[in-house]
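Read through the structure below, which is laid out as structure tokens, and then see the notes.
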Amino acid sequence: MAALTYHAPTTLDEAISLIANASLPAKVMSGGTDLIIQMQRMLQTDRLIVDVKKIPEMTAATLDEGGLKLGPALCCAKLTRRQDIKALYPGLVEAAYLIGSTQVQGRASVGGNLCNASPAADTIPALIANGAICLVEGTNGRRRVPVEAFVTGVGQNCLEPGEMLASLEIPQPLPRTQDAYLRFIPRTEMDIAVAGAAVSLTLDEDGICTAAKVAIGAVAPTAIVVPDAATALIGSRLDETALTAAAAAASDAANPISDRRGTVAFRRHVVGVLTRRAATLAAERVGALR
Amino acid sequence: MKAHVSTTINQEPVEFLCDPAETLLKVLRDNLGMTGTKEGCGSGDCGACSVMLDGELVCACLVLGVEAEGARIETVEGVASADHLHVIQEKFLEHAALQCGICTPGLIVATKALLAENPNPTEADARYYLAGNLCRCTGYDKIIKAVMDAAETMRQGEAHE
Amino acid sequence: MSEARAFKHIGQRTIRPDGFDKVTGKANYGADMSMPGMIWGAILRSPHAHANILSLDTTRAEASSDVLAVATFQDFPSVNDAAAAAGTLKSSLMETAENILAKNKVLYHGQAVAAVAARTEAAATAALALIDVEYEPLTPVLTIDAAIADDAPLLHPTMMTQGLLEPATEPSNIAARMELKKGDIEAGFAEAEVIVERSYNTPTVHQGYIEPHATVVRFDDNGPSTIWCPTQGHFDVRARVAQLLNLELGQLKVVASEIGGGFGGKTTVYLEPVALILSKKSGRPVKMTMTREDVFRASGPASASQSTIKIGAKMDGTITAMQATLHYEAGAFSGSPMGPGCMTVFTPYDVENLYVEGFDVVVNKPKVAAYRAPGAPQSEFAAEMAVNELAAKIGMDPIDLRLKNAAKEGTQTIYGPKLKVVGLEACLEAAKNSDHYRSSLGEHVGRGLAAGFWFNIGGQSSVIINLNPDGTGTILEGSPDIGGSRASMQMMAAEVLGIAPGKLNPIVADTEHVAYNQTTGGSRTTFATGMAVIEAAESVVDQLKSRAAAMWNVTAEQVEYSDGVAANLAGEDRLSLAEICANAEKTGGQISGTANINARGAGPSFAVHICDVKVDPDTGKTDVVRYTAIQDAGKAIHPSYVEGQFQGGAVQGIGWALNEEYVYSAEGVMENAGFLDYRIPLASDLPPIETIIVEVPNSFHPFGVRGVGETGIVPPLAAVGTAVAEAIGMPVTSLPCSPPKVLELLLSKS
């Protein structure tokens, strides 16, 4: 029978040392909502689990003029209760809120969602739309990787052996900027995204879009940035032409598969619908800013 | 090798040995004989094993037993007091909010968490908060009525104190 | 029953007697049992949907110090089909055995092949890797069309179709054909002024009970072996295990644990015989549980179906002919509910000319089991969709069309009897007068209405009521309680005895403590076991009267008993039930009543459901925004649990209509074997489910009960399907109405 070794270090250095010096395949665990299920399916493999939730900075979330410094292991339930964070990044917080049930929220984290690197991960498009940067720490020091470069494939990330995700830095949004994340699921809750779209928008006083970033999920091996969709929005008042063009750009950028959750045609169509709706919602949010 | 874990369950100190691969659900049910927490899926998709872990509602099947070290756990067995049921439990009975009853312990724990977080939920709030607690018998109608009634009764109780 | 009778307890919303244990976590379900010295069993399952087993070698497992016992098909004593044929159990014993542990062929992915027992659950699971199986994969047959194709690979190379007009000469994947007719179908269509004809299909779905199958078994050489399991019928578990293992019924004791949902899916055996083999071999009690994945892959889901319906009518709405061709998937072994599907399909209609042909088709999927009104949702979905299409075509309100053709007292059914008094017209009138049906519809909202029928059954029930010296008592019954039936039993007994329901403790007794009871199914429990409870209680009343008479030195005829008090008609003497019990020692010993009945006269139940859905025109996502379930209960003993049955059935039907389906790979592997992707309805998916209880009493039951458990799952498929069709302005022919399918319909329209 396979054996599991479990450690719950209280400092980042200790955690890095554990994973760097492990003789067994090592896994960093935050909420464990993906990892525990994966481990049960691989009963025959001995492994080391490094639970990082006892490291204070891994579960902290601080806002300052630079933006949000988010502990990757902070559970989504605690994150979504933070009204101050939600006011700045409503789409990101909503994406975190969409992961699983209330029970899963009590465990799952943004960092775990990111490192698990599912194509359908809800927070990844929202992180990308907000220009989030991963702070990676390892025995060879520290490096900063944009989220869109962090995820390298289905279930794969850029972490080298002995490295872990230590923090997420989400820049302070420009003035008159808001984001939105929408996903499609067959039910109202509990499902994995069939398609998802995150949009961050900046509007000037006249309602003209001056900056935009669009990222879509569940329609390719990784979440993807759609510059053409952003281009379609920038310079417009989010009129029908611009929204239609943005939706079409998202649909064109999509490279989905058919599976138990949706078909290629369905995903391609719906990701356009979501992009249009997310852009509209983000703009409404800017309009509602004081 | 088994790990030794010291924890608190329903306000009582508890120690147990477990394999680090064992979930908290397995530990509760098989090692500690606390079978009130039910297993419906083992993958966090049904909510039958809902428990409170350090104040957060979680599925015990998605927690390792070793994570209980130093934690506070609350299970369905701790909801009623020695001499009376919790209002939520009473309302579930009054409204016939259970048929087979296998989802009921999880729903009781989750409802308690909901009303602690939001004493005045709308029906939609309750339906979304409890979306992770599957019930196949009732169609949820009577469950939601029981939850809303329990919320109102608890608010009135608070107001009278 | 000519007029409404005044009841004291019946019709009240009492607190169920088993409720306290269920809200506190004390109630013990299948997996909650442990026994001293208990070990764990685990099952090796087939990685192929269709394959020959070339070799099965358990040598390495048996040699392992971790493994305490191994079981394979060889451990079934030569199974004797004649024994099964003589019993009440339907499918053949050999097929049952092969479904529990494969013989020389696997017929679905996940089929059990062998089992081991070890000291821990993890050790047992790990030891499965020590069993060596060599397979020869065969092409899987996954759909009705593939199964009935001329060159289809055969699941059972010697299986001949039963029920053909000419005896079959070639083997086939069609296990059976059935034909039912009434009148002259050709003449009926000749008479018609309008014809509607369309084909429909429904997917494989699962009952989705939240409690996985589980059992704890202790073999005992010197007395009955004990089987603890969640089942809808512990007496039938006993019979089936005894047959499989060549035991006498007296060698087995089956204890029905609390059951975490069944809906028909817990009416058979999977783990129990295996655990008994492992327990016998190891000399230890053995616990076995299914994972959720096992439940999906290897218990008994409900049949996928294909149906073609043709209806002929006059422009005034008179239906002149109805014809159906129905195909049901049986899964790996014959025995789909094609029969009841054929029998129910047109029963809501009083039509002269009917013709129904049904086929039972084997495919490489798990062997189906009963699911709430087995067979009826599939066939009646198709019929009700076609009836609604007819209503639209002739411009008639769907309720008016149904009222014009509604089955009523005296209607000759296609399957035999003429209907007695039934409540379909009353349900249709209630629907017509409902607030829901009169309400207007918003944008992108469609409304559907459908009727549904289920027979309900009676059968054998046995009950003992024991009174204690203080006037409290126990009701020993043998019908596993899947939805609150103990409350009904308590109330019916209390009504007869004239005491508070809480004075009586209803217990689902094990097979040793009460005589045979048929399985909880067919909506029979409140009707049939209820009749037994009433009869046993009446027997107690007779004894109470004679005991009181003895105390007063009068004859029993001089004693009247009502409201829990015996009265001496010749004087002022009064004795309460408790007082009579307190004196029982002096009047002949303690008081107990029994009833062993085979209940006849089950009352058919009709329902009408109304559903409003809103469809997102850009994504095809469908939300149910309003829903009303109307059903004839005969008499609602406990209205809350009657409503609960309506609501639960409605929501299972909504799930079937909208999102639930088994998704298979080309290799025959179910790709959504978990609650994440097998999407049953959530609290947030639903509006309140409104209910209207119609009470048209069943004269064969003392209180008028019909049974309410199953009919409620029949109408929702077509009510939802029609609502979606109305909302999108396109015909719906295929369930589920999942977003990709609905979006495709929407896009094909524009």
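The values are calculated or read from the model by the stated rules, or taken from the named source; none is laboratory data. It should be emphasised that the depicted structure is a prediction, and the values quoted were computed from it without experimental measurement. Note that each Cβ is placed from the backbone with ideal geometry, even for glycine, and that neighbours are counted across all protein chains shown. Each accessible area value is taken on the protein alone, full model and side chains, heavy atoms only, with ligands, DNA and RNA left out. Shrake-Rupley method; radii C 1.70, N 1.55, O 1.52, S 1.80 Å.
Values as computed for the structure displayed
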| quantity | calculated |
| --- | --- |
| Antiparallel DSSP beta bridges within region A:4-51, percent to nearest 5 | 0 |
| Helix A:240-253 vs. chain A, principal-axis angle (Cα, 0 to 90°, nearest 10) | 30 |
| Karplus 3J(HN,Hα) series, Hz, for region A:21-30 with 6.51 cos²θ - 1.76 cosθ + 1.60 (x for Gly, Pro) | 9, 5, 8, 9, x, 9, 10, 7, 10, 9 |
| For region C:662-673, 3J(HN,Hα) per residue [Karplus equation, 6.51 cos²θ - 1.76 cosθ + 1.60, θ = phi - 60°, Hz, x = Gly/Pro] | 7, 9, 10, 7, 4, 7, x, 9, 5, 9, 10, 7 |
| Accessible area (Å², per residue) of region C:648-750, counting only protein heavy atoms and a probe of 1.4 Å | 26 |
| Amide H partners (placed H, <5 Å) of residue C:663, local residues excluded | C:671, C:672 |
| Approximate spin-label separation residue A:87-residue A:64, in nm, with each point projected 7 Å along Cα-to-Cβ | 1.9 |
| Kyte-Doolittle mean at least 0.0, axial Cα span of 24 Å or more - DSSP H helices of chain C | C:376-394, C:530-552, C:639-658 |
| R0 of 51 Å, Cβ-Cβ distance residue C:403-residue C:166: FRET efficiency to nearest 0.05 | 0.75 |
| Computed helical MRE - 222 nm, the protein assembly as shown, DSSP H runs ≥ 4 contributing -39500 (n - 2.57), nearest 500 | -8500 deg cm²/dmol |
| Accessible area per residue in Å² at 1.4 Å probe, computed on region B:3-78 | 30 |
| Kirkwood hydrodynamic radius of region A:177-288, from inverse mean 1/r over distinct Cα pairs, in Å | 13.6 |
| Apportionment of accessible area to carbon and sulfur, region A:4-51, percent (1.4 Å) | 49 |
| GNM result for chain A, Cα springs below 10 Å: residue of A:260, A:183, A:276 fluctuating most strongly | A:260 |
| Residue among A:241, A:177, A:123 with the largest mean-square fluctuation in a Gaussian network model of chain A, springs linking Cα atoms under 10 Å | A:241 |
| Contact order relative to length of chain C, as percent, for alpha carbon pairs under 8 angstrom and 6 or more apart | 15 |
| Extension gain (nm, one decimal) between residue C:600 and residue C:7, 0.36 nm per residue minus Cα-Cα | 211.1 nm |
| Listed peptides C:635-645, C:465-475 by packing density, highest first (mean Cβ within 10 Å) | C:635-645, C:465-475 |
| Estimated translational D of region A:4-51 in µm²/s (Stokes, Kirkwood radius over Cα pairs; 20 °C; 1.002 mPa s) | 195 |
| Note, ³J(HN,Hα) from phi for region B:120-136, Karplus 6.51, -1.76, 1.60, rounded to Hz, x at Gly and Pro | 10, x, 6, 4, 5, 3, 5, 4, 6, 4, 9, 4, x, 10, 6, 10, 9 |
| Computed over region B:14-161: relative contact order in percent, which uses C-alpha pairs under 8 Å that are six or more apart | 24 |
| Of B:26/C:280; B:38/C:22; A:213/C:621; C:8/C:635; C:621/C:749, pairs whose Cα-Cα distance is over 19 Å | B:26/C:280; A:213/C:621 |
| Volume per residue of the C-alpha convex hull in chain C, rounded to whole Å³ | 170 |
| Exercise: per-residue mean of other protein chain Cβ atoms within 10 Å, C:326-337 | 0 |
| Region A:56-171 - percent of accessible surface contributed by carbon and sulfur, probe 1.4 Å | 54 |
| Among beta bridges that DSSP assigns inside the protein assembly as shown, antiparallel share in %, nearest 5 | 80 |
| Protein heavy-atom accessible area occluded, A/B pair - total, 1.4 Å probe, Å² | 2100 |
| Equivalent ellipsoid dimensions for region C:628-691 as semi-axes, Å, which come from the Cα gyration tensor, largest first | 31, 12, 9 |
| Amide hydrogen neighbours beyond the local backbone of residue C:135, cut-off 5 Å, H modeled | C:54 |
| C versus A: buried accessible surface, summed, Å² (probe 1.4 Å, to nearest 100) | 2000 |
| Whole-number Å³ per residue for the convex hull built on Cα positions in the protein assembly as shown | 188 |
| Accessible-area composition of chain C, carbon plus sulfur, in percent [1.4 Å probe] | 49 |
| Amide proton proximity set for residue C:692, modelled H, under 5 Å, gap of 5+ | C:629, C:630, C:631 |
| Region A:56-171 - Rg and Dmax from Cα coordinates, angstrom | 13.1, 38 |
| FRET efficiency, 1/(1 + (r/R0)^6) with R0 56 Å, evaluated for residue C:439 and residue C:150 via beta carbons | 0.60 |
| Heavy-atom accessible surface that C and B bury in contact, both chains counted, 1.4 Å, Å² to 100 | 3800 |
| Residue C:54-residue A:231 pseudo-label distance in nm [points 7 Å out on the Cα-to-Cβ vector] | 5.8 |
| Contour minus Cα-Cα distance for residue A:172 and residue A:265 (0.36 nm per residue) | 29.8 nm |
| Calculated diffusion of region B:87-160, Stokes-Einstein form, Kirkwood radius summed over Cα pairs, 4 °C and 1.567 mPa s, µm²/s | 108 |
| Estimated FRET transfer efficiency (residue A:288, residue B:117; beta-carbon r; R0 45 Å; 0.05) | 0.95 |
| Spin-label pair residue C:667/residue C:181, simplified geometry with 7 Å Cα→Cβ offset, distance in nm | 4.8 |
| Antiparallel DSSP beta bridges within chain C, percent to nearest 5 | 75 |
| Whole-percent pair-distance distribution, where bins are 5 Å wide, for the alpha carbons of chain A | 1, 6, 13, 17, 18, 16, 13, 8, 5, 2, 1, 0, 0, 0 |
